[in-house]
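Take a look at the structure below.
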Amino acid sequence: MTTLVVRHSVSDFDTWKSAFDGHASVRTGHGSTGQRVLHDGNAVLVLIDFPDAASAQSFMADPSLAAAMAEGGVVGAPDVSVLVEAA
């Protein structure tokens, strides 16, 4: 399993969460098997699971992702990592 780790700040968490939830079909279309959202006010950490790194990379390259992040009020560039589960 591969986990996409995304950390960013947002202008309003509730607005961001609505945009994130509205983008669910795109995540699952790229093979996402689940996610966790953690936040402290407007500081957000998202963990999105994929079956492999290629699926995570494909999701990150989807043109709709930038639009969803803009709609959600992401402030600045996100910090993104792709981590692979140790066997």
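The values are calculated or read from the model by the stated rules, or taken from the named source; none is laboratory data. Computed from a predicted structure; not experimentally measured. Don't worry about glycine lacking a Cβ; one is built from the backbone with ideal geometry, like all the others, and counts go over all protein chains shown. Accessible surface areas use protein heavy atoms only, side chains included; no ligands, DNA or RNA. Shrake-Rupley method; radii C 1.70, N 1.55, O 1.52, S 1.80 Å.
Structure notes:
- Test for VAL26: is it touching a strand residue (DSSP E or B) at 6+ places or on another chain (Cβ under 8 Å), in contact (Cβ under 8 Å) with a residue 12 or more places away in the chain and of a type in the set (Val, Ile, Thr): no
- Residues in region 1-35 that are within 12 Å of the chain's Cα centre (by Cα) and among the aromatic types (Phe, Trp, Tyr): 2 in all.
- The combined condition, being at positive phi and in contact with a helix residue (DSSP H, G or I) (Cβ under 6 Å, 6 or more places away or on another chain), is not fulfilled by GLY41.
- Looking only at residues of region 70-85 that are in contact with a strand residue (DSSP E or B) (Cβ under 7 Å, 6 or more places away or on another chain) and within 14 Å of TRP16 (Cβ to Cβ), we find that the one that is most open to solvent (accessible area, probe 1.4 Å) is VAL75.
- Condition check for ASP14: at pLDDT 95 or above and either part of a helix (DSSP H, G or I) or open to solvent by 60 Å² or more (accessible area, probe 1.4 Å) (or both): yes
- Residues that are among the charged types (D, E, K, R) and under 15 Å from VAL82 (Cα atoms) were ranked within region 37-56; the one that is most open to solvent (accessible area, probe 1.4 Å) is ASP52.
- Within region 25-36, the residues that satisfy the criterion of being under 19 Å from VAL82 (Cα atoms) and either open to solvent by 70 Å² or more (accessible area, probe 1.4 Å) or of a type outside the set (S, T, N, Q) (or both) are VAL26, ARG27, THR28, GLY29, HIS30, GLY31, THR33, GLY34, GLN35, ARG36.
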